[in-house]
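Right, one structure below, let's go through it.
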Amino acid sequence: MPRMSELQLALIGLAFVLLVALLGYNKWQERRALRELRDSLRAGVADALLDTEPVSAPRVAPRALEPTLRTINELPPSPANRVEPRLGPVASAPTAASMTQPTLVVPAQPHAMAVTDPAAATGGWIEDPLLDCVLELRCTHAVDGVAIFDAAGPLARWDAPLPVFLVAWDARHQQWVQPDRFGFYSDLLVAIQLANRKCALDEILASRFVSTVQQVAMALDADFDPPEVKRVVEQAAELDRLCARFDVQIGMTLESLGGPWDTAQLARATTQAGLLADGEQRWVRVDTEGRRLFSVSSASLLTDRLAFELDVPLAPSEANPLQAMFVAATNMAASLGASLVDDNKRPINAGSLAAIGEQLQLLYGEMRNAGVEPAGMRAQRLYG
């Protein structure tokens, strides 16, 4: 048998190297495409059919709550009275119809399958019947990941103000996953969150979402049952009312008694109070698990005021964030030579704090009864 020449061996080696390089390039392309699709979907989606900007429900400026927490029933459930991100040192909330809440999930009940770690399999999304409008696409034949990426283009280009998610059913591993370039899939789920603290799905956005998903279904030759838009909008409005009900922030302010503080004074005081830097002129206090309890901010480098803020639905109640904020504020007031006041410049003391604490506990109870655990996954999706 004739021996192979050096040229033949070199050609074989070169072919092997080229093959490995080609496989590596394809894998890189796959990861880049998946990352781009993932980023664009998580950022939201705009309309593939209409070029107008997406419309969201109007929001009003948050009402400042005084250091004597107002009663929970004080505000009407109307979206116009929604308590947005910045409140004064009191919390209040309207009594609206209770609801359930969502978190991006691997298909729950109706689509539930055996999954070891659903959130990991779907890139962090878990379907929540309260928070999500989920549409299912049933392909007439298995399609590869490349076809899904191409078909999902209109969805990825849609600039919606609410999160949009897409997962595919992996028949081989019997779980919902983010599509892979080399995988083959027969079913897809496309979801949009119904509301958050900034806006809610209205009729225009809901119609755009349905029409865009319909485009994806047509491109994949998939069966698709469009929902009744009116019902979806009603569901979003109900979630919006629930979100507004617990959208409460408690604020306190330190006012200097002797002029502005310099950078060194603030650095020393914030460090002693156990605060961590969170950008320019902003600090946060976290618990042992790294969850945010409250934040402190100043308007400028040389300032005579510090604003303390507790975002109630995002702070873990078991860590007693209100008490932690009050202790930090009083300690800093002593070290900086300042007074602790509310938005109306009235002094805050232990007595007024106790009144706020009582109503805060009532609010926590109502949140849990409505299925929203403070600082939990649903709260993070609604208010984070």
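Close Cβ contacts (under 8 Å, 6 or more residues apart or on different chains) running from residues in region 369-383 that are β-branched (V, I, T) to residues that are assigned to a helix (DSSP H, G or I) and open to solvent by less than 30 Å² (accessible area, probe 1.4 Å) comprise V372/L242; V372/P313; V372/A379; V372/L382. Consider region 177-221 and keep the residues that are in a helix (DSSP H, G or I) and free of Cβ contacts under 8 Å to residues at least 60 places away in the same chain. The one that is surrounded by the fewest Cβ atoms within 10 Å (Cβ to Cβ) is M218. Taking the criterion of being assigned to a helix (DSSP H, G or I) and in contact (Cβ under 8 Å) with a residue 24 or more places away in the chain, the residues of region 222-235 that qualify are V229, K230, V232, V233, Q235.
From the list T288, T271, T263, T253, exactly one residue is among the hydroxyl-bearing types (S, T, Y) and open to solvent by less than 30 Å² (accessible area, probe 1.4 Å). Which is it? That would be T253, the only listed residue that is among the hydroxyl-bearing types (S, T, Y) and open to solvent by less than 30 Å² (accessible area, probe 1.4 Å). In this structure, is R138 open to solvent by 10 Å² or more (accessible area, probe 1.4 Å), at pLDDT 95 or above and closer than 30 Å to L314 by Cβ? No; evaluated as a whole, the condition is false for this residue.
Among the residues making up region 157-176, those that are among the small types (G, A, S) and buried (at least 22 other Cβ atoms within 10 Å of the Cβ) are A160, A168.
Going by the conditions given, is R241 in contact (Cβ under 8 Å) with a residue 12 or more places away in the chain, assigned to a strand (DSSP E or B) and open to solvent by 40 Å² or more (accessible area, probe 1.4 Å)?
On the way: in contact (Cβ under 8 Å) with a residue 12 or more places away in the chain: yes; assigned to a strand (DSSP E or B): no; open to solvent by 40 Å² or more (accessible area, probe 1.4 Å): yes.
It is false that R241 is in contact (Cβ under 8 Å) with a residue 12 or more places away in the chain, assigned to a strand (DSSP E or B) and open to solvent by 40 Å² or more (accessible area, probe 1.4 Å).
Restricting P129, P102 to residues that are closer than 27 Å to E366 by Cα and at pLDDT 90 or above narrows the list to P129.
Looking across region 310-340 at every residue that is farther than 30 Å from L382 by Cα and aliphatic (A, V, I, L, M), the one that is most open to solvent (accessible area, probe 1.4 Å) is identified as A334. Tallying residues that are out of contact with any helix residue (DSSP H, G or I) (no Cβ under 7 Å at 6 or more places or on another chain), under 16 Å from R197 (Cα atoms) and charged (D, E, K, R) within region 351-384 yields 2. Note on region 181-214: residues that are closer than 18 Å to A152 by Cβ and of a type in the set (K, R) total 2.
Being under 30 Å from P374 (Cα atoms), touching a residue at least 40 places away in the same chain (Cβ under 8 Å) and assigned to a helix (DSSP H, G or I) is the requirement here; does L166 meet it? Against the criterion (under 30 Å from P374 (Cα atoms), touching a residue at least 40 places away in the same chain (Cβ under 8 Å) and assigned to a helix (DSSP H, G or I)), L166 does not qualify.
The values are calculated or read from the model by the stated rules, or taken from the named source; none is laboratory data. Quantities reported herein were computed from a predicted structural model and do not represent experimental measurements. A quick note on method: Cβ atoms are made from the backbone with ideal geometry, for glycine too, and the neighbour counts reach across all protein chains shown. Just so you know, the surface numbers come from the protein's heavy atoms only, side chains and all, with ligands and any DNA or RNA stripped out. Shrake-Rupley method; radii C 1.70, N 1.55, O 1.52, S 1.80 Å.
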